[in-house]
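Structure, as structure tokens:
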Amino acid sequence: VDRLMLALLVSAYDQDEVGGEKRTVLRFHPSIAPIKAAVFPLVKNKPELLEKARAVYKTLQRRYNVFWDQSGAIGRRYRRMDEAGTPFCITVDFDTLEDNTVTVRERDSTEQIRMPISEVYRYLENKIEGYDEDQ
């Protein structure tokens, strides 16, 4: 088991540059990443945001190992999750309160997409398990 874990860590470890900043990232395939997603309320002093974010967190937690983080700037939270190998970060912001959508950030591309909360579970299922009912 020791050699297997070392091989996984060594093969996943990477450093790259995003926006002129160096970052350390563990590029685990989503199916073997220890933490599948992280949920972030944009700010921690707005009860409405916390409530929505907690609901997303609890829904995803039923199936996946999900991380909750509400401390620090959003960029620093993204970086912490990159270093932990978390493939997806879900941010609940002020737009969520108006249109019930969240921002999903992919670790490897750092691309952010906006989607309805109702589609997040299926999106993660497709990305983590490669499962798509529409095919």
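The values are calculated or read from the model by the stated rules, or taken from the named source; none is laboratory data. As the structure is a prediction and not an experimental result, all values here were calculated from the model. Using ideal geometry, Cβ is built from the backbone for each residue, glycine included, and neighbour counts are taken over all protein chains shown. The area values use the complete protein model at the heavy-atom level, side chains included, leaving out ligands, DNA and RNA. Shrake-Rupley method; radii C 1.70, N 1.55, O 1.52, S 1.80 Å.
Of the residues making up the range 28-40, one or more are over 18 Å from residue 116 (Cβ atoms), at pLDDT 95 or above and charged (D, E, K, R).
Picking from residues in the range 22-41 that are closer than 29 Å to residue 94 by Cβ and β-branched (Val, Ile, Thr), the one that is surrounded by the most Cβ atoms within 10 Å (Cβ to Cβ) is 39.
Which one of 23, 3 is in contact with a Lys or Arg (Cβ under 7 Å, 6 or more places away or on another chain) and modelled with pLDDT under 95? Break it down into steps so the answer makes sense when it comes.
Working: 3 fails: in contact with a Lys or Arg (Cβ under 7 Å, 6 or more places away or on another chain).
Result of the check over 23, 3: 23.
What about residue 33, is it hydrophobic (A, V, I, L, M, F, W, C) and in contact with a Phe, Trp or Tyr (Cβ under 7 Å, 6 or more places away or on another chain)? No.
Which of the residues spanning the range 83-111 are touching a Cys at 6+ places or on another chain (Cβ under 9 Å) and free of Cβ contacts under 8 Å to residues at least 60 places away in the same chain?
Here is the first cut: in the range 83-111, the ones touching a Cys at 6+ places or on another chain (Cβ under 9 Å) are 103-107.
Selection gives 103, 104, 105, 106.
Yes or no, residue by residue, for (1) over 30 Å from residue 21 (Cα atoms); (2) not aromatic (Phe, Trp, Tyr):
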position	(1), (2)
57	no, no
67	no, no
70	no, yes
84	no, yes
91	no, yes
94	no, no
100	yes, yes
115	no, yes
125	yes, yes
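Could we say that residue 53 is open to solvent by less than 10 Å² (accessible area, probe 1.4 Å), closer than 16 Å to residue 121 by Cβ and part of a strand (DSSP E or B) here? In short, no. Residues of the range 32-51 that are over 13 Å from the mean Cα position of the chain (by Cα) and more than 21 Å from residue 75 (Cβ to Cβ): 32, 47, 48, 51. For residues that are more than 16 Å from residue 31 (Cα to Cα) and among the β-branched types (Val, Ile, Thr), scanning just the range 113-135, find the one that is least open to solvent (accessible area, probe 1.4 Å). Among them, the one singled out is 120.
The set of residues from the range 80-112 being part of a helix (DSSP H, G or I), open to solvent by 50 Å² or more (accessible area, probe 1.4 Å) and more than 22 Å from residue 12 (Cα to Cα) comprises 94, 95, 97, 98, 99.
If you go through the range 56-79 and pick out every residue that is in a helix (DSSP H, G or I), free of Cβ contacts under 8 Å to residues at least 24 places away in the same chain and open to solvent by 50 Å² or more (accessible area, probe 1.4 Å), you end up with 3.
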